[in-house]
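Trainee: There's a structure below that I have some questions on.
The values are calculated or read from the model by the stated rules, or taken from the named source; none is laboratory data. These numbers were taken from a predicted model, which means no experiment stands behind them. Here the Cβ is made from the backbone with ideal geometry for all residues, glycine too, and neighbour counts use every protein chain on show. Remember, those area values only see protein heavy atoms, side chains included, never the ligands or the DNA or RNA. Shrake-Rupley method; radii C 1.70, N 1.55, O 1.52, S 1.80 Å.
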Amino acid sequence: MDVNVFLTQSITMISKADKSILRGTIFKHLDGIVTAPALMTLSKHGVLESLLQSRGQTLDELSNKFKANDGYINVALRSLASQGWLNQTIENDLPSYGVTDKGAIAFTYANHYEKAVELIKIGEHYHPRKFEPAAFRVLESAFDSYLELQLKKHDAADDHVSVLDQMLVHIEGVILGPSIVHLGMSGMFHKYFMESSFKAEEFHEDVKPFSKLLDIFTHFGWFEKTGETYRFTPKGLFYSRRASAYGVTVSYLPSLRKLDDLIFGNALILQPEKGGPEKHVDRAMNVWGSGGAHSTYFKVVDELIIEIFNRPLEKQPKGILDMGCGNGAFLQHLFEVIDQHTLRGKYLDEHPLTLVGVDYNEAALKITKANLIQADIWAKVIWGDIGDPAQLATSLETDYGVDLSSLLNVRTFLDHNRPWNAPVDSVPSTVKSSGAYASKGMRLTNDAAQQSFVEHMQRWQPYLKQHGLLVIELHTVKPETTAKNLGKTGATAYDATHGYSDQYILEVDAYYDCIRRAGLERDERLGKQFPDSELATVTINLLK
């Protein structure tokens, strides 16, 4: 049978309802990858016991009592609130946390996360795809802990069962998630697809540990095994084709391994040396995961780009500036959309398109230049700081004769990842965020985080009057909302990975309030949010 026919038939064997359940499990796996290390770190230092013994404690009380870095312990506590195990209340911009009934149950079983967290930590010392025996023994121990907890669930009281189910899928996520990503990135899943069935020895020289890994996947329903031969199940095909959905969260394992230090020790342990590589994230994995996860959003951007560049030529932007251009792929894609699908594309000789790629990272600039030259796309590629548009405008005008205001500015998932600038003014927020924000371990108040974003956008406002800013942005969701919708949102994972790495994602309503206070308006006709509900974690807008 043709491989593509086999895949299509296998995937369509899963009902629409079952696909929804499987997608929900992916979100729960991601919850587990960030929740397990947070829970174990807080348990190890006595924070869970302290919370269990009290009706609730303020963040300041907990930070002082346990000599914790208040910014990062707040991120950890809020992630547990998003799982429904703590209640978060904020009064006078100070969070407090108390244990829920579900949290009291989960905390009594916290030790079952121990081997899963050890698996996260030991991965730092071993090659991710060689399956060394020492590392694999920890994987087997984590799987044994999963099986032990599964047995306990059979004898548990009724009110414990749902919590244990939640914890089991967390451990499953820690066991499977990193392997899913590494097998996806290395092309192993694609190789499996090309065979109707396969043996471990056909794909890996370390046959014994690798076959045990495949046996674990088999236990979770990914493969059917006959003798020494494995064959994908429809469920396994569904997940493996979505391996990139795990990529962004798993790329932050370097941070999740260091929670003991980040929360209770040296908060600067992951700060890169000047000019050195990033320590908090596997950037190549992050880019790989982002590429798969963001394709849906880019389709919406294409529609907006086509609408803008189909307007009368005299009303169109002179070109595009991509802030945070990365490897140049997005800028190249936008040029091809304009060239092939718009009115402007028919008149590029008479009305040439000014393309500008800007990045803070010198290595990214080199890659962008090489890729655009290879694609025969003429563009200016320059260094720039998203926090200093005035300097960028001066550089463009002085060095290239380009007016920043004449361009359509675009950026994707970048504003929340800007360097921290303390706000100049102290203006209480109209809409209050519930997020957990930190800079180098120190907690940032929610009002400060929001006012900093307002002032950041105010610095851009003069350059957006003519053609605006086309922006895709990531958002958080209030923890009580996330807790009621487990399996329907990746908010817990987004909050944790971005919180520990000093990034500032706001709820959608808080984000729009900041945009308004910055003097910008959004074109509601062109705006989109995903999903289109109170669980929205991504928005696409044209701001002017």
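Trainee: Before we move on, is Ser43 touching a helix residue (DSSP H, G or I) at 6+ places or on another chain (Cβ under 7 Å), of a type in the set (Ser, Thr, Tyr) and closer than 24 Å to Tyr504 by Cα? Full working, then the answer.
Mentor: Working: touching a helix residue (DSSP H, G or I) at 6+ places or on another chain (Cβ under 7 Å): yes; of a type in the set (Ser, Thr, Tyr): yes; closer than 24 Å to Tyr504 by Cα: no.
The answer is no for Ser43.
Trainee: Please specify each residue of segment 317-364 satisfying the condition of being surrounded by fewer than 23 Cβ atoms within 10 Å (Cβ to Cβ), small (Gly, Ala, Ser) and in a loop (DSSP other than H, G, I, E, B).
Mentor: Answer for segment 317-364, where residues must be surrounded by fewer than 23 Cβ atoms within 10 Å (Cβ to Cβ), small (Gly, Ala, Ser) and in a loop (DSSP other than H, G, I, E, B): Gly324, Gly326.
Trainee: Mind counting the residues in segment 386-401 that are among the acidic types (Asp, Glu), assigned to a helix (DSSP H, G or I) and in contact with a helix residue (DSSP H, G or I) (Cβ under 9 Å, 6 or more places away or on another chain)? Walk me through it before giving the result.
Mentor: Within segment 386-401, the first condition is being among the acidic types (Asp, Glu), and the residues that meet it are 388, 397, 399.
From what is left, the residues that are assigned to a helix (DSSP H, G or I) are 397, 399.
If we keep only those that are in contact with a helix residue (DSSP H, G or I) (Cβ under 9 Å, 6 or more places away or on another chain) too, we end up with 397.
Number satisfying all stated conditions: 1.
Trainee: Within segment 180-198, is there a residue that is out of contact with any Lys or Arg (no Cβ under 9 Å at 6 or more places or on another chain), within 30 Å of Gln83 (Cα to Cα), hydrophobic (A, V, I, L, M, F, W, C) and not in a loop (DSSP other than H, G, I, E, B)?
Mentor: yes
Trainee: Quick check on segment 197-212. Is at least one of its residues closer than 24 Å to Gly292 by Cα and modelled with pLDDT under 90? Can you show your working first?
Mentor: If we filter segment 197-212 for residues that are closer than 24 Å to Gly292 by Cα, which is where we start, we get none.
Taking every residue of segment 197-212 in turn, none turns out to be closer than 24 Å to Gly292 by Cα and modelled with pLDDT under 90.
Trainee: Right, something else. Looking at this structure, is Phe453 crowded, with 19+ Cβ neighbours inside 10 Å, out of contact with any Asp or Glu (no Cβ under 6 Å at 6 or more places or on another chain) and among the aromatic types (Phe, Trp, Tyr)? Quick ask: steps written out before the conclusion?
Mentor: Working: crowded, with 19+ Cβ neighbours inside 10 Å: yes; out of contact with any Asp or Glu (no Cβ under 6 Å at 6 or more places or on another chain): yes; among the aromatic types (Phe, Trp, Tyr): yes.
For Phe453, the condition - crowded, with 19+ Cβ neighbours inside 10 Å, out of contact with any Asp or Glu (no Cβ under 6 Å at 6 or more places or on another chain) and among the aromatic types (Phe, Trp, Tyr) - is met.
Trainee: Could we say that Tyr113 is in contact with a Leu (Cβ under 8 Å, 6 or more places away or on another chain), among the hydroxyl-bearing types (Ser, Thr, Tyr) and buried (at least 18 other Cβ atoms within 10 Å of the Cβ) here?
Mentor: Working: in contact with a Leu (Cβ under 8 Å, 6 or more places away or on another chain): yes; among the hydroxyl-bearing types (Ser, Thr, Tyr): yes; buried (at least 18 other Cβ atoms within 10 Å of the Cβ): yes.
Considered against the rule, which asks whether it is in contact with a Leu (Cβ under 8 Å, 6 or more places away or on another chain), among the hydroxyl-bearing types (Ser, Thr, Tyr) and buried (at least 18 other Cβ atoms within 10 Å of the Cβ), Tyr113 comes out as yes.
Trainee: Wholly within segment 28-103, which helices (runs of 4 or more DSSP H) include no fewer than the required count, namely at least 3 residues that are of a type in the set (D, E, K, R)?
Mentor: Details: elements: 47-52, 59-65, 70-82.
By residue number, 59-65.
Trainee: Name every residue in segment 59-91 that is open to solvent by less than 30 Å² (accessible area, probe 1.4 Å) and of a type in the set (S, T, N, Q), in order of residue number.
Mentor: Narrowing segment 59-91 to residues open to solvent by less than 30 Å² (accessible area, probe 1.4 Å): 59, 62-63, 68, 71-86.
Scanning segment 59-91 gives Ser63, Asn74, Ser79, Ser82, Gln83.
Trainee: For segment 217-237, how many residues are open to solvent by less than 10 Å² (accessible area, probe 1.4 Å), of a type in the set (Gly, Ala, Ser) and over 25 Å from the mean Cα position of the chain (by Cα)?
Mentor: Adding up the residues that qualify gives 0.
Trainee: Moving on to the next point. Could you go through segment 493-502 and let me know if any residue there is at pLDDT 95 or above, touching a strand residue (DSSP E or B) at 6+ places or on another chain (Cβ under 8 Å), open to solvent by 20 Å² or more (accessible area, probe 1.4 Å) and not hydroxyl-bearing (Ser, Thr, Tyr).
Mentor: yes
Trainee: Still on this model: Of Leu94, Leu52, which residue is surrounded by fewer than 21 Cβ atoms within 10 Å (Cβ to Cβ), within 25 Å of Lys484 (Cα to Cα) and in contact with an Asp or Glu (Cβ under 7 Å, 6 or more places away or on another chain)?
Mentor: Leu94
Trainee: Follow-up question, since we're still on this one. For segment 456-492: of the residues being charged (D, E, K, R) and over 16 Å from Thr537 (Cβ atoms), which is surrounded by the fewest Cβ atoms within 10 Å (Cβ to Cβ)?
Mentor: Pass one, segment 456-492, residues charged (D, E, K, R): 459, 465, 473, 478, 480, 484, 488.
Next, only the ones that are over 16 Å from Thr537 (Cβ atoms) stay: 459, 465.
Working: Arg459: 15, Lys465: 11.
Once the filter is applied, the top-ranked residue is Lys465.
Trainee: When you scan segment 365-385, how many residues do you find that are open to solvent by 60 Å² or more (accessible area, probe 1.4 Å), closer than 13 Å to Leu331 by Cβ and not in a helix (DSSP H, G or I)?
Mentor: Result for segment 365-385: 2.
Trainee: Tell me which of these Gln374 doesn't satisfy, since it passes every other one: (1) at pLDDT 95 or above; (2) more than 23 Å from the chain's Cα centre (by Cα).
Mentor: All conditions pass for Gln374, except number (1).
Trainee: Collect the residues in segment 238-266 that are part of a loop (DSSP other than H, G, I, E, B) and crowded, with 22+ Cβ neighbours inside 10 Å, keeping them in residue-number order. Can you show your working first?
Mentor: As a first pass, look at segment 238-266 and keep what is part of a loop (DSSP other than H, G, I, E, B): 241-242, 252, 257-258, 265-266.
Those that are part of a loop (DSSP other than H, G, I, E, B) and crowded, with 22+ Cβ neighbours inside 10 Å: Tyr252, Lys258.
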